[in-house]
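Asker: The following block contains the structure, expressed as structure tokens.
Read-outs throughout are calculated quantities, based only on the coordinates presented, and are distinct from any laboratory measurement. The model shown is predicted, which means the values in this text are computed figures rather than measured ones. All Cβ positions, even for glycine, are placed from backbone atoms using ideal geometry, and neighbour counts span all protein chains on display.
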Amino acid sequence: YVDSPNQLLFDSLTYKTKSYNRWKMQYDTQEVVLFNRQDGTFFTGLVPHVLKTLRTKFLVQVGVTDLRVLPQVNFQEPQLSVELRDYQLNYVIESLKKTRCIVESGTGSGKTIMIAAFMSILNLPTLIIAPDKTVEGQLRTELTKLLLRPPKLLMGIARNLCKYPTEELREYPLLLVD
């Protein structure tokens with residue numbers, strides 16, 4: 001029996017994951033919690049799931065108030081050291097129309113150039129999360145070559161970026177994950 005929406009959301013946004021630790025030669029289990037019970041916050045990408053959960057369990061209509069402050073964007077012509085190919089330009093334009101997207105493309109198709117185009121067109125402080133230090137180094141080198149006027153940039157791998165205070169990370173309205 002669930003007596004509060006907070007408990008319900010905590011339960012529905014908490015799960016366990018199992019990974020193999022090759023040094024210990026055993027499986028480790030970690031609990032992943034995507035809902036903060038203290039202030040009732042969760043990632044905005046989970047809003048549809050949260051609404052469905054609340055409507056299903058409590059049979060109430062729930063409204064959403066988006067309190068995020070979205071940056072004012074003045075689109076500008078990309079200032080890059082190379083020219084975008086037609087399909088890359090189409091990706092970038094379609095992505096900008098949607099305000100959020102996933103660009104999935106094969107190796108060598110120019111995803112880094114598209115990242116540089118996003119950064120140049122939007123000219124916003126940018127947070128880039130790379131899967132590991134190798135990819136981070138490659139991205140940093142390539143973006144330095146591609147961007148003629150780079151915006152404020154913070155780049156790193158997820159576990160290192162988590163050490164930054166939340167307020168400091170909020171200075172970066174554009175998030176790119178490779």
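Asker: Once the Cα gyration tensor of region 96-138 is diagonalised, what are the square roots of 5 times its eigenvalues, in whole Å and ordered largest first, as equivalent ellipsoid semi-axes?
Answerer: Each semi-axis is the square root of five times an eigenvalue, giving 19, 14, 10 Å.
Asker: Could you work out the per residue convex hull volume over the alpha carbons of region 1-138, in cubic angstrom?
Answerer: Dividing the Cα hull volume of region 1-138 by its residue count gives 197 Å³.
Asker: For residue 73 and residue 26, compute 0.36 nm times the residue count separating them, minus their Cα-Cα distance, and round to one decimal in nm.
Answerer: 12.0 nm
Asker: Quick one: how many lysine pairs does region 1-113 have with C-alpha atoms less than 23 Å apart and a gap of 8 or more or different chains? Give me the count, please.
Answerer: Lysine pairs meeting the criterion: 6.
Asker: Follow-up question, since we're still on this one. Hand me the chymotrypsin sites (Phe, Trp or Tyr not before Pro) from region 61-123 located in a DSSP loop with no more than 14 other Cβ atoms within 10 Å, in residue order please.
Answerer: The qualifying sites are 75.
Asker: Hey, another quick one. Pick out, in residue order, every one of the trypsin sites (Lys or Arg not before Pro) in region 50-128 that is DSSP loop and has at most 16 other C-beta atoms within 10 Å; say none if there are none.
Answerer: Qualifying residues, ordered by number: 68, 85, 100.
Asker: What Rg and what Dmax come out for region 57-118 when only alpha-carbon atoms are used, in angstroms?
Answerer: In order Rg, Dmax, the Cα atoms of region 57-118 give 17.0, 55 Å.
Asker: I would also like to ask the following. At most 12 other Cβ atoms within 10 Å and a DSSP loop assignment: could you name the GluC sites (Glu not before Pro) in region 31-117 that fit?
Answerer: Passing sites in region 31-117 are 83, 104.
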